[in-house]
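The block underneath contains the structure these notes are about, expressed in structure tokens.
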Amino acid sequence: MFEYAWLIILLPLASFLITGLLGKRLPQGGGHVAVGAIAGSFVLSAYLFYEVLLGGALGSAFHATVDGFVWIPGTGDAVEQQETAIRISLLIDNLSALMLLLVSFLSMLIATYSLGYMREEEGKHRYYAEVSLFVAGMLGTVSADNFLQLLIFWEIMGLCSYLLIGFWYHKPEAAKAAKKAFLVTRVGDVIFLVGILVIWGVFHTFSFLEITEKLELEGAAIITPQLLTLIPLLIFGGAVGKSAQFPLHAWLPDAMEGPTTVSALIHAATMVKAGVYLVARSFIFLVPPAGSGLDPPFNAILFIAAIGGFTAVFAATMGLTAYDIKRVLAFSTISQLGYMILGLGAGAWLMGTALVRGEEPETAGYSAALFHLFNHAFFKALLFLSAGSVIHAVHTNDLREMGGLGRPMPITSKVMLFGALALAGIIPFSGFFSKGEILAVTYEVGLEEPAFLLLYVAGAVTAFMTAFYTFRLWFMTFSGEYRGHGHPRESPAVMTAPLVVLAGFALVSGLLAFPMQGFGNLVFYERAHASLPLVGVPVLEYLLEGVSLGAAVLGIGLAWAVYRAKRIPAERFTATPSRAFLHEMLSRRYWIDDVYDAIGARLVAGFGRGLDWFDRNVIDGIVNAVGRGGAATAAGSDAFDRRIVDGAVNALSLETVRTGWRMRQRQTGQVQSYAWMVVLGIVLVIALVVGISWYLRVQRGG
Amino acid sequence: MIPLEYELVLSALLFSIGLYGIVARKNAIIVLMSIEIILNAAILNFVAFSSYHNDPSGQVFALLALAVAAAEAAVGLAVFLSIYQTHGTIELDKVRFLRW
């Protein structure tokens, strides 16, 4: 039914091959090929989404498996072979259809924008090839049917992220940042891999649907509560790395060394969302099926939510002091990803408790988190691309060298304002709905489990800080006097057009919840009915929305007072030693990066040096000894060869030559001596003949 | 009729004289003449045995050998002439180019 879904992945892959192999000869490094292929994926995804909605996704769960091929055949008898075979196939359900649409749409916009942004770069074909491969990886990740396939595409994304961060590989910071991103996410990926192996050990299948089925049928017979806690935590390890959650957040701010389009596509809109997507997928473990008789692993859920909430507030504090326009956005990305994880945790708790009580599960938290993912993808891509437009104009990332850009760049400043309002969560921009929803759900859970109240407070404080640093960024960039050099100009239409489209989405993507009767219907989780955000909700919920909106307004007000109206001088924040220390701590990112560097440079490199010493002295010593032995044997053999063998040959030839010399001395050239010889020879022959015949006669006759 | 032994003795004498001339004399012309003497000794044997056996084929061989000897003498004289032109002598102990 959905066989064409394969094309969604294969089109960017084909573009990867074409631009990678032939890109150098194509105009724009094959950028048009990449844009066209991704646009094709987008059209197919949109059609797929439409069919999925028609197929019953509105208001209920829908899933279909698109069969690919058996990758690794199973073992055992015929039935077992079917069950244990590892397949490559696609899972089309509400979640993956939505993610496919979202990813392909944003990739298309950002690829279009790249045509303008990357126009003057060297090695464009490399850029477009890697972006195409990345898009194929991301689309494959969100449509994978099983954990192993997911991991493969997940690692393709990781590779592309590494390559694209290091796109300007001749810049040492970029090369270092790429290495850091690769190594730090690797920590998470290894934990994820362990989780996948544990899943195989328990279920003997990787497929999401089959795991759910087995859990439902066999329940406690197949899995212990300890394992049920362990598996989602191990999978969450992968999400922590990919989505840059504490403590593996360190790579994302550095990843801003790549081109801004890459930051927008990979490190804001899509790849970092893969971790959130993975947590959403792991709901099959967090909220086991109702009939299985298993208790939800509440400890794991609490851990996940706590990491999310802590990361949200932790990253937001670091965003307060950053001066690099892209790093501010990077910290806010980490912080917003923390929100999503928090929302998923709260949602899982909510569903779990409903399950324990035997009620119909409530999906509010799950859909709120994915709603935020959806909205955030738009407005964060918008913010990054606007930042890229600014950087394109002023050729610096430093906020202190900007200012007053509102006049020369009217479109960029307005669309970025849209993005900033959405990120801050001002009604009616998209961030307001989803962020408010997450906080409301967290509060609701907090009424049952006090730990979530703490996370709610963290979330509200984060909302305040988010609004503050977002508008600090906006005011520092666009208001006041220009502090940099040159004459900045508005970017070309190929760059502003995607910005305007995204600005439209930043405004209306939140409102989409209303015609859909709640976002829950869109990415609805199985066995739960739709929740209706803002429609028919109790007064308490309006109060909660009011709190998050109030926090945002307060943050914007403070930013206005400090950076626009200058009522409060910014120096006040560093006036006393303790405040200066706080500022220092935040700008040094709590020294965590330094600690990681120290671990990397001292501990690991020291261990490496130890191994190097061992290698040089012990291993090389052995190798050298063996080598020397070999050389000595060879020398002996050589001597034997030269002295004995060659000697014999030489002696033979020398004797032959000498004999020849002596013999030819007899050739005097004296014809008469030759004649003498002839005569003597004849006489000799006659004498012999006569002598022998006489002798024979004597013998015979007696 | 002359007995066969006389003729064979005469032939052996001629052969010995020729042999002596070849190995002992230095002048190439004399050596050539000595070779002719040896050849005549052989031809004499042909003729002697031909008359002894009453078989004329020996005389045919004798005539053939005479013709060949004439040709050979002509070639030999031409060779010596050539040697004389290049070396200025036909003394055999001076002409030593048939060596290594």
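Of a type in the set (A, V, I, L, M, F, W, C), within 14 Å of chain A (Cβ to nearest Cβ) and under 20 Å from A:MET677 (Cβ atoms): is that true of B:VAL79 in this structure? It is false that B:VAL79 is of a type in the set (A, V, I, L, M, F, W, C), within 14 Å of chain A (Cβ to nearest Cβ) and under 20 Å from A:MET677 (Cβ atoms). Taking region A:582-618 as the range and being basic (Lys, Arg) and modelled with pLDDT under 85 as the test, the residues that pass are A:ARG588, A:ARG589, A:ARG602. Here B:ILE17 qualifies as modelled with pLDDT of 90 or more and closer than 30 Å to B:ILE83 by Cβ. Scanning region A:685-700 for residues that are within 14 Å of chain B (Cβ to nearest Cβ) and farther than 30 Å from B:ILE90 by Cβ turns up at least one hit.
Is it fair to say B:GLU7 is within 30 Å of A:GLN667 (Cα to Cα), surrounded by 13 or more Cβ atoms within 10 Å (Cβ to Cβ) and of a type outside the set (Lys, Arg)? For B:GLU7, the condition - within 30 Å of A:GLN667 (Cα to Cα), surrounded by 13 or more Cβ atoms within 10 Å (Cβ to Cβ) and of a type outside the set (Lys, Arg) - is not met. Being among the polar types (S, T, N, Q) and surrounded by fewer than 24 Cβ atoms within 10 Å (Cβ to Cβ), is that true of even one residue in region A:373-392? Looking through region A:373-392, none of the residues is among the polar types (S, T, N, Q) and surrounded by fewer than 24 Cβ atoms within 10 Å (Cβ to Cβ).
Quick check: is even one residue across region A:585-603 at positive phi and touching a residue at least 40 places away in the same chain (Cβ under 8 Å)? Within region A:585-603, one or more residues are at positive phi and touching a residue at least 40 places away in the same chain (Cβ under 8 Å). Residues that are surrounded by 10 or more Cβ atoms within 10 Å (Cβ to Cβ) and under 30 Å from B:TYR20 (Cα atoms) were ranked within region A:629-664; the one that is nearest to the other protein chains (Cβ to nearest Cβ) is A:ARG664.
Surrounded by 10 or more Cβ atoms within 10 Å (Cβ to Cβ), part of a helix (DSSP H, G or I) and away from chain B (no Cβ under 14 Å) - does that describe any residue in region A:676-684? Looking through region A:676-684, at least one residue is surrounded by 10 or more Cβ atoms within 10 Å (Cβ to Cβ), part of a helix (DSSP H, G or I) and away from chain B (no Cβ under 14 Å). Summed over region B:82-100, the residues that are within 14 Å of chain A (Cβ to nearest Cβ) and either among the aliphatic types (A, V, I, L, M) or free of Cβ contacts under 8 Å to residues at least 12 places away in the same chain (or both) give a count of 12. With respect to being crowded, with 16+ Cβ neighbours inside 10 Å and over 18 Å from the mean Cα position of the chain (by Cα), A:PHE246 falls outside the description.
Taking region A:145-161 as the range and being surrounded by fewer than 21 Cβ atoms within 10 Å (Cβ to Cβ) and within 24 Å of A:GLU257 (Cβ to Cβ) as the test, the residues that pass are A:GLU155, A:ILE156, A:LEU159. Of all the listed residues (B:VAL23, B:VAL60), the sole one being within 12 Å of chain A (Cβ to nearest Cβ) and either closer than 22 Å to A:GLN670 by Cα or exposed (fewer than 13 other Cβ atoms within 10 Å of the Cβ) (or both) is B:VAL23. One residue alone among A:LEU98, A:LEU91 is in a helix (DSSP H, G or I) and among the aliphatic types (A, V, I, L, M), and that residue is A:LEU98. Set side by side, the residues A:PRO253, A:PRO232 differ, and just one is of a type outside the set (A, V, I, L, M, F, W, C), in a helix (DSSP H, G or I) and under 24 Å from A:ASN397 (Cβ atoms), which is A:PRO253. Of the candidates A:GLY419, A:GLY425, A:GLY403, the single residue that is modelled with pLDDT under 80, crowded, with 16+ Cβ neighbours inside 10 Å and assigned by TED's automatic domain parsing to the domain that holds A:TYR542 is A:GLY403. Considering B:ALA12, B:ALA70, the condition of being within 28 Å of A:GLN670 (Cα to Cα), free of Cβ contacts under 8 Å to residues at least 40 places away in the same chain and away from chain A (no Cβ under 14 Å) is satisfied by B:ALA70 alone.
Every condition in (1) at pLDDT 90 or above; (2) under 17 Å from A:ALA264 (Cβ atoms); (3) not assigned by TED's automatic domain parsing to the domain that holds A:GLU83 holds for A:ALA181 except the one numbered (1).
The values are calculated or read from the model by the stated rules, or taken from the named source; none is laboratory data. No experiment lies behind these values; they were computed from the predicted model shown. Glycine gets a Cβ as well: all are built from the backbone with ideal geometry, and neighbour counts include every protein chain shown.
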